1. Decide, for the range 3-52, between rounded, prolate and oblate: order the square roots of the alpha carbon gyration tensor eigenvalues as a ≥ b ≥ c, take rounded if a/c falls under 1.5, and otherwise choose prolate if a/b is larger than b/c, else oblate.
2. Pairs of alpha-carbon atoms within less than 8 angstrom and 6+ residues apart define the contacts here; what relative contact order does the range 129-207 have, in percent?
3. Hey, what did the chain get for relative contact order, percent, Cα under 8 Å, at least 6 apart?
4. Cross-link list Lys125/Lys203; Lys203/Lys234; Lys56/Lys201; Lys18/Lys65: which exceed 31 angstrom alpha carbon to alpha carbon?
5. Can you give the helix-only mean residue ellipticity at 222 nm for the chain, where every DSSP H stretch with n ≥ 4 adds -39500 (n - 2.57) and the sum goes over all residues, rounded to the nearest 500 deg cm²/dmol?
6. Among Phe120, Phe60, what's the order by accessible area (1.4 angstrom probe), most exposed first?
7. Where Lys and Arg each count +1 and Asp and Glu each count -1, what net charge lies around Glu182 among other residues with Cβ under 9 Å from its Cβ?
8. Quick one, what does Rg over Rh come out to for the range 129-207 if you take C-alpha atoms and the Kirkwood Rh?
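The values are calculated or read from the model by the stated rules, or taken from the named source; none is laboratory data. Everything numeric here is computed off the predicted structure, so don't read it as measured data. Backbone-built Cβ (ideal geometry, glycine too); neighbour counts: all protein chains shown. Please note that ligands, DNA and RNA were not included when accessible areas were found on the heavy atoms of the full protein model with its side chains. Shrake-Rupley method; radii C 1.70, N 1.55, O 1.52, S 1.80 Å.
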Amino acid sequence: MRLDRALGLNGLSRREAKDAVKRMRVSVNGSVVSDSARDVGINDTVLLDGREICLKEHMFLMLNKPAGYLSATEDPRGESTVMDLLPSEYLRRGVAPVGRLDKDVTGLLILTDDGALTHFLISPKRGVSKQYEALCEGMLTESAVNAFAEGIDLGDFLARPAKLEIISASPSESRCLVTVTEGKFHQVKRMLEKVGCPVIKLKRLSMGRVLLDEQLEPGQWRCLTAQEEDALYKAAGIEQK
Ligand code: URA
């Protein structure tokens, strides 16, 4: 595809793309380029201001979400959103979070501009698994493990059977892994509260087969690898375009 189209896919207008090339902000495979009409392909490394741009129809990112950011593209009250952690042109391109993490919850957040992928990944019918690590108050016991395995009645809905693995437990606090296949509002917090152990800290470790890259510091992000993208499309049960 043409370089200006590739820059366009990354949120730059045609004029901005031309201007970026003119101002020597764009390199292909290590050399600064001057022709915005030149061809670039999937095997080329294109940098804009030193940052690699995505040469595909769609963009897929993983963010290690820090506490204090909303999982939204914008907030009418002006609170910080995860989009504040990404280059501003990604918002223009239509990149948005796949599902939500609460403001105080940290860890893996996938973002994409492929709305169909998002739709199916968060559909309860697909039952894509999500694993969380939790620190909670009180002592988790086998009876909590059994309650999770049976499915917990949360009043307004019956949470599907989920997996609770206790990492450590003491009368004051416990650490555990929770794997759920749905994503209702405050679900993991409410499930742990229901078994008498309110959450102190919650971090998402995985979505389907995509694991949080522990090299990413809170607030850092990277593009997904081709294998991670495939895993997401498989989990969603749709074809990658
Ligand atoms: N469960 C919660 O309680 N909160 C989240 O953000 C995600 C899962």
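1. Values: a/c = 1.42, a/b = 1.20, b/c = 1.19.
Judged from the Cα gyration tensor, the range 3-52 comes out rounded (a/c under 1.5).
2. Numbers: 169 pairs, mean separation 36.4, N = 79.
The value is 46 percent.
3. Reported as a whole number, the value is 20 percent.
4. Working: Lys125/Lys203 24 Å; Lys203/Lys234 24 Å; Lys56/Lys201 36 Å; Lys18/Lys65 33 Å.
Listed pairs above 31 Å: Lys56/Lys201; Lys18/Lys65.
5. Working: 7 runs with 58 residues, N = 241.
One gets -6500 deg cm²/dmol as the mean residue ellipticity at 222 nm.
6. Values: Phe120 60, Phe60 10 Å².
So, going from the largest accessible area down, we get Phe120, Phe60.
7. Values: positive: Lys130, Arg160, Lys184; negative: none.
Taking every Cβ under 9 Å from that of Glu182, the sum is +3.
8. On the way: Rg = 11.1 Å, Rh = 12.1 Å.
Using only Cα positions, Rg/Rh for the range 129-207 is 0.92.
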